[in-house]
Amino acid sequence: NQDHYQILAEGYRIKAIDPYHIRDLDIEKIDEQKRGLVLNEALKILQIDKANAVANWLVGNMMIIKGNYLGALTYADIVIKHQPELSVGYIMKADALRELGRYAEASRFYRIAIDRGTAPDIKTLYRNLFVVYNTLGEYKKAYKLYFQVANPLSINTGYKDIYELSLSAAATGRVKDAIVFLKIAALKVPPQDLEYRKKIDDMLSYLSSK
């Protein structure tokens with residue numbers, strides 16, 4: 001809880017980590033120097049409190065950034081053990097398993113994370129599971145999943161997501177749907193995004209010739 005984190009911060013001179021907004025910290029976006037300070041302070045917390053779920057979450061995600069995916073699994077398991085009701089530990093474990101090429105296991109933990117309903121970024125979580133399903137050749141599952149976060153009829157769905165959805169539709173044999181989605185995406189592409197304009201036009205031409 002917050003009082004616990006405040007005691008850690010004051011008692012062990014934790015300065016780089018904000019005890020009230022630890023989970024809001026975007027590790028990938030902070031610079032290397034700040035990342036090093038955060039890692040050192042998280043490790044300092046773990047010297048005193050090995051079961052601290054938030055510190056384990058921080059260190060585990062640092063491991064993923066550094067490419068130490070096996071190491072990250074250890075920290076993910078501790079987070080899951082002490083906070084099984086939250087999504088974050090399962091997401092970390094799934095991310096590490098995906099990077100290790102253990103896609104079937106990754107899909108299982110992504111599904112658990114979704115079922116927990118506490119993911120801070122549900123759209124990214126769905127995208128990652130979508131990629132895993134496609135890698136496993138489970139195209140129908142991928143399409144059904146992605147449609148939930150990339151409804152082409154929603155005003156809030158961007159053209160890049162609709163383009164990805166069209167590819168997923170085509171992979172399941174829904175060519176007519178894929179063509180419709182591409183036409184919707186084409187209406188949303190800004191004039192300056194020439195790359196996606198070409199991608200959409202090329203795919204429309206290819207599918208229309210089928």
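The values are calculated or read from the model by the stated rules, or taken from the named source; none is laboratory data. Not measured: the values here are computed from a predicted model. In this analysis, Cβ positions are derived from the backbone assuming ideal geometry, glycine residues included, and neighbour counts consider all displayed protein chains. In case anyone asks, the SASA skips ligands and DNA or RNA and just uses the protein heavy atoms, side chains included. Shrake-Rupley method; radii C 1.70, N 1.55, O 1.52, S 1.80 Å.
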Less than 16 Å from a label point 7 Å out along the Cα-to-Cβ axis of S154: which backbone N atoms in the stretch 166-192 qualify, by residue? 166, 185
Looking at the P(r) of the stretch 95-210, how many percent of alpha-carbon pairs lie beyond 19 Å? 49
Across the stretch 71-84, in residue order, what do the Karplus-derived ³J(HN,Hα) couplings come to in whole Hz, using 6.51 cos²θ - 1.76 cosθ + 1.60 with θ = phi - 60° and x for Gly and Pro? x, 4, 4, 4, 5, 4, 4, 5, 4, 4, 4, 9, 9, x
Linear extension gain, D193 paired with S208, 0.36 nm per residue minus alpha-carbon span: 3.1 nm
Once you've got the Cα coordinates, tell me which of K144/K176; K123/K160; K140/K188; K44/K93; K123/K176; K144/K188 are over 20 Å apart. K140/K188; K44/K93; K123/K176; K144/K188
Cβ-Cβ FRET estimate between L136 and L70, R0 fixed at 25 Å, reported to 0.05: 0.75
Using the Karplus curve 6.51 cos²θ - 1.76 cosθ + 1.60 with θ = phi - 60°, work out ³J(HN,Hα) for each residue of the stretch 95-102 in order, rounded to whole Hz, and write x for Gly and Pro. 4, 5, 5, 4, 5, 7, x, 9
With x for Gly and Pro, the residue-by-residue ³J(HN,Hα) of the stretch 176-186, computed from phi through the Karplus equation 6.51 cos²θ - 1.76 cosθ + 1.60 at θ = phi - 60° and given in whole Hz, is 4, 5, 4, 5, 4, 4, 5, 5, 5, 4, 4
Measure of size requested: the Rg and Dmax of the stretch 79-121, with Cα atoms as the atom set and Å as the unit; please supply both. 9.6, 26
In terms of solvent-accessible area of protein heavy atoms at a 1.4 angstrom probe, what is the ranking of L207, L194, highest value first? L194, L207
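Given a Förster distance of 35 angstrom, what is the FRET efficiency for L43 paired with D201, based on the Cβ-Cβ distance and rounded to 0.05?
0.10
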